[in-house]
Amino acid sequence: MKIGVVVITFRRPALLRDALRSIANQTRLPDEVFISDNSPEPDQKVVLEFPGLPIRYHFHDRPLPIDKHWLWAIQQSQADLVSLLEDDNLYRPRHLEVLSNSLIKYPSAVLAGANSLVFKNLFSHASQQIYAPLWKINLMDEGPVFIPRTTALVTLLFGTPFASSAIMFRRAVLDHIQFRNAGLRISHDRWMWAQIAAMGDLVYNPEITMLYRDHPVQVVKNFPRAQHRADSAKCSSLIFAMMLNSGILPREQIAEVFKGYNLEERSLISYFIFAPRF
């Protein structure tokens, strides 16, 4: 199977250079790298520093809103398996190998994700793991772990189980999705992954294969907390409605997933849920 990487970049040439270097260092090199540059001025000089990568580069004459940009970009790759990388994040060397192998192992899975680590400086102490999903994890697992579609969608109701740059999906499923552009500014990636996950099952890889950079100019840090909450609530409502339209009963599936939790754990999770939505 051919593997493609879609790189989303916006006015950060130094970070783009790091991101491309992490792609070039993969144990399983991609067959295609598509760069979607949404910057005011093109960063093509950085791209020319990597002649060994099979790069296709596109500069947008008119910047796109973030949700439209991402949706447009992920549909440009023609590879069988497509991975996303934001310019400020990094792949560890086994990222493409681990995710592609997990999708090959589970043919019914349309989306695979990996564990991630937050960092501020590559040569400093790592701070924390992020994006812990609702499903129970055996800490001794090396993966991959098969997650049924309904369980995946329940998790996506409450938040994304993966960092946006920690996923890979089957390109073929995009031909069967009529993506709905909901105008989300913060949860746009969760809404895209939910629409893809609705088409099949999911695979979780416990291995940390992606590094999420915490830095002052992150887009999500430019929004007030109230807007974060409103955007997240809107995304959850969209996923809830999508599940109903697909014949999945969200309340029953939530109850099924929560069977594995004790009362204290369920109370902690409910703290993050806007109950009136459901």
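The values are calculated or read from the model by the stated rules, or taken from the named source; none is laboratory data. Here the structure is a predicted model, which is why all the values come from computation and not from measurement. For neighbour counting, all protein chains shown are included, and Cβ atoms are generated from backbone atoms with ideal geometry for every residue, glycine included. Side chains included, ligands, DNA and RNA excluded: accessible areas come from the protein's heavy atoms. Shrake-Rupley method; radii C 1.70, N 1.55, O 1.52, S 1.80 Å.
What the table shows:
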| read-out | value |
| --- | --- |
| Hey, TYR91 crowded, with 17+ Cβ neighbours inside 10 Å, in contact with a Ser or Thr (Cβ under 6 Å, 6 or more places away or on another chain) and within 18 Å of ALA19 (Cα to Cα) or not | yes |
| Conditions (1) surrounded by 22 or more Cβ atoms within 10 Å (Cβ to Cβ); (2) in contact with a helix residue (DSSP H, G or I) (Cβ under 6 Å, 6 or more places away or on another chain); (3) acidic (Asp, Glu); number of the one not met by ASP189 | (2) |
| Residues that are under 24 Å from LEU85 (Cα atoms), among the hydrophobic types (A, V, I, L, M, F, W, C) and open to solvent by 40 Å² or more (accessible area, probe 1.4 Å), drawn from the range 130-164 | ALA132, PHE146, PHE158 |
| Residue match in the range 258-273 (condition: of a type in the set (Val, Ile, Thr) and modelled with pLDDT of 55 or more) | no |
| Single residue of ALA233, ALA194, ALA166 found to be touching a strand residue (DSSP E or B) at 6+ places or on another chain (Cβ under 9 Å) and either closer than 17 Å to ALA73 by Cα or at pLDDT 85 or above (or both) | ALA166 |
